[in-house]
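Down below is the structure, laid out as structure tokens.
The values are calculated or read from the model by the stated rules, or taken from the named source; none is laboratory data. Please read these numbers as outputs of a predicted model, since none were measured by experiment. Every residue, glycine among them, receives a Cβ derived from its backbone with ideal geometry; neighbour counts consider all protein chains shown.
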2 protein chains.
Amino acid sequence: MSVTVKDIARVAGVSTATVSRSLRGLETVSAETREHVLEVAHRLEYVGSPAAAALSTGKAGSVGIITPYVDRWSFGRMLGGIERELRAANVDLLLYCTGDPSDPHPLLPHKRLARRADGFLILSVAAESPDLEEIFKLRMPLTMIGASAPWTSSVRIDDRDAAATAIGHLVERGHQRIGLIYGREKANPIVLEHQRYLGFSDAMERAGLELDDSIQAPGGFTVAGGEEAMVRLLDAEQAPTAVFAFSDEMAFGALQAMRRRGLRPGYDIAIVGFDGHDMSGLLDLSTVSQPLELIGATAARNLLADMNDPSRERKAVVLPTELVPRGSTVRDQ
Amino acid sequence: MSVTVKDIARVAGVSTATVSRSLRGLETVSAETREHVLEVAHRLEYVGSPAAAALSTGKAGSVGIITPYVDRWSFGRMLGGIERELRAANVDLLLYCTGDPSDPHPLLPHKRLARRADGFLILSVAAESPDLEEIFKLRMPLTMIGASAPWTSSVRIDDRDAAATAIGHLVERGHQRIGLIYGREKANPIVLEHQRYLGFSDAMERAGLELDDSIQAPGGFTVAGGEEAMVRLLDAEQAPTAVFAFSDEMAFGALQAMRRRGLRPGYDIAIVGFDGHDMSGLLDLSTVSQPLELIGATAARNLLADMNDPSRERKAVVLPTELVPRGSTVRDQ
DNA sequence: TTGTACGCGTTATCAG
DNA sequence: CTGATAACGCGTACAA
């Protein structure tokens, strides 16, 4: 097999305990002994066994990230922030993708999940999700992103307020018939959806406007889905004069649908998206921008802190969003 | 601490060996014993320790994926394909991000990498990269994506041919002055870049056209970088009539730059990108589309096969690409 | 079909 | 400062 601490101990003429201590840089070893051990280890091309270390210490040396999707733009950005922090702390990153949260999916794989990591980052999964109960029961350090539960740390934006701001922007510009492209079909919506919907209805009510189901459709958070949804809105008996989409990607699809019909964003119909996608500027799409990398990094840092000090008080961080008005809502003055 | 096989054995009145066998569904246990053990395990809420299992069997039960970037669109798509296959096989996914390959980065973390996973998926890293030597030395199952080495499996597209096709398309449409937006600044390019560049120059030569450095610029594979690069091309003493970008995202940036100057894609300047990005249709961008999820899935499946049978012959799979002509290259007939 | 007992590679607890 | 030695939790020859 491969080189172990035993081999090093034998060659270096010390005990395995001393080898272990030297390797980990504990101060309780004389400098010269350590030097020697390190030299031998290097010469033998020693590579430690994380499994053995994990078994011995009880710490896996990694955190798991649980997410319903992996190929969405916003996920990539968050992941970037998370990865950076984790790498800096030298902990491994395990990725678990649960698939669409509205499916009755086969639960978060096995409970094996538990022992794999020392803590978890949970993305956009409703705290009430039955799947999560299993995780909560583990009583491990947890940080939720895009949702929150009283007994875990969380990092998120104020989805409700942000959505209301977007609608407020449209109302200000004189729109009275405002359509909506939301995410999943009804049941078990991911949290942020629910919050954004509340913000939407808050603002509509405040403006004295009626909610009309015929101009609301699900876009599944994809470009193609957004396009389909927009087609439905346009085909409604009375089409909307403005549309709010729960994600920029869906808004892009909506723009596509409009273009196919010769409708000009901002003139014929106003559109505002959500995320602050790289490409929203290019498409001149108004959007509510959120600091995704920062959200990821903040969550990761928080989780690491919780892991190091389990008694640490749980934190619920709320990061700011920003409305970015562009041509898709301001041309039609 | 937590429930172990020993606890189950005691409660169920059998040996730990029988517990282990039952838990893993080995056929060498009587049905009724197994039932009983499973029932007890369930009742005790037993959760196995992957670390212990790994230590005992020598298999980590996971594969590592090594990538220079994590927030690029194409990566998300590949990851989707990879994740699906891995999940189906019930193996964990470890993510290692190396950062920009042209930096002299601190090597692929530690060698600890080795024992963490049973195999690795390596994305877009040059086989000649010094970092990889360390990995190769491990003699573990490896599958490269977007690059290849004779002694490992690999899955890729024919970047050279694909790039040549894109240029051929432009040449066909009468373009003689063709600019290029490539990725990283010179040194240590990721492999696909080199290949695409070769395809570019192949086709240029074949058409009897000259390469002109003044209309070639790096865009760093980002939208913003693509925009900057395009500005440089437009400001060249003699601007190009057509531009080929190594990624759709950079092409999007180029479109942005054109729009800011009132230039119409397909009329004033033709543009063709690379990837088959979700949004290329929306922006009417001609592109060379590659089957990213399939690439990821194929690579993952291949790696799993190599892991199960180390003597398995290494495979080098080349998947097809497709030129998708759109308005950005065909309007100016 | 089932049980015994040892090994996997580290870390941690004691003595010394 | 260093060395035995006992865990850590599971898999698996080997024996019964």
Matching residues in the range A:237-287 - criterion: being of a type in the set (Ser, Thr, Tyr), farther than 14 Å from A:Thr222 by Cα and touching a Gly at 6+ places or on another chain (Cβ under 8 Å): A:Ser280, A:Ser286, A:Thr287
Out of the residues in the range A:21-37 meeting the condition of being within 12 Å of DNA strand C (Cβ to nearest atom) and assigned to a loop (DSSP other than H, G, I, E, B), tell me which one is nearest to B:Gly58 (Cα to Cα). A:Arg24
Kindly indicate the residue of the range A:1-37 that is touching a helix residue (DSSP H, G or I) at 6+ places or on another chain (Cβ under 7 Å) and within 14 Å of chain B (Cβ to nearest Cβ) and also nearest to DNA strand D (Cβ to nearest atom) among those meeting that condition. A:Val5
State whether one or more residues within the range A:231-245 are closer than 20 Å to A:Ser124 by Cα, modelled with pLDDT of 95 or more and part of a helix (DSSP H, G or I). no
How many residues of the range B:95-153 are assigned to a loop (DSSP other than H, G, I, E, B), modelled with pLDDT of 75 or more and either small (Gly, Ala, Ser) or assigned by TED's automatic domain parsing to the domain that holds B:His194 (or both)? The answer is 6
Criterion first (without any contact (Cβ under 8 Å) to a residue 60 or more places away in the chain, within 13 Å of DNA strand D (Cβ to nearest atom) and touching a Pro at 6+ places or on another chain (Cβ under 9 Å)) does B:Ala54 satisfy it? yes
So which residues in the range B:68-77 are within 9 Å of chain A (Cβ to nearest Cβ) and either surrounded by fewer than 23 Cβ atoms within 10 Å (Cβ to Cβ) or in contact (Cβ under 8 Å) with a residue 40 or more places away in the chain (or both)? B:Tyr69, B:Asp71, B:Arg72, B:Trp73, B:Phe75, B:Gly76, B:Arg77
All but one of (1) within 11 Å of chain A (Cβ to nearest Cβ); (2) away from DNA strand C (no atom under 16 Å from the Cβ); (3) part of a helix (DSSP H, G or I); (4) at pLDDT 90 or above hold for B:Arg87, so report the exception by its number. (4)
Residue, farthest from A:Thr57 (Cα to Cα), within the range B:1-20, restricted to residues that are near DNA strand C (Cβ under 7 Å from one of its atoms) and assigned to a helix (DSSP H, G or I): B:Thr18
Filtered residues of the range A:147-181 (kept if more than 21 Å from A:Val243 (Cβ to Cβ), surrounded by fewer than 19 Cβ atoms within 10 Å (Cβ to Cβ) and in contact with a strand residue (DSSP E or B) (Cβ under 6 Å, 6 or more places away or on another chain)): A:Asp158
Hey, could you check the range B:38-67 for residues that are within 9 Å of chain A (Cβ to nearest Cβ) and of a type outside the set (Gly, Ala, Ser) and say which is nearest to DNA strand C (Cβ to nearest atom)? B:Leu55
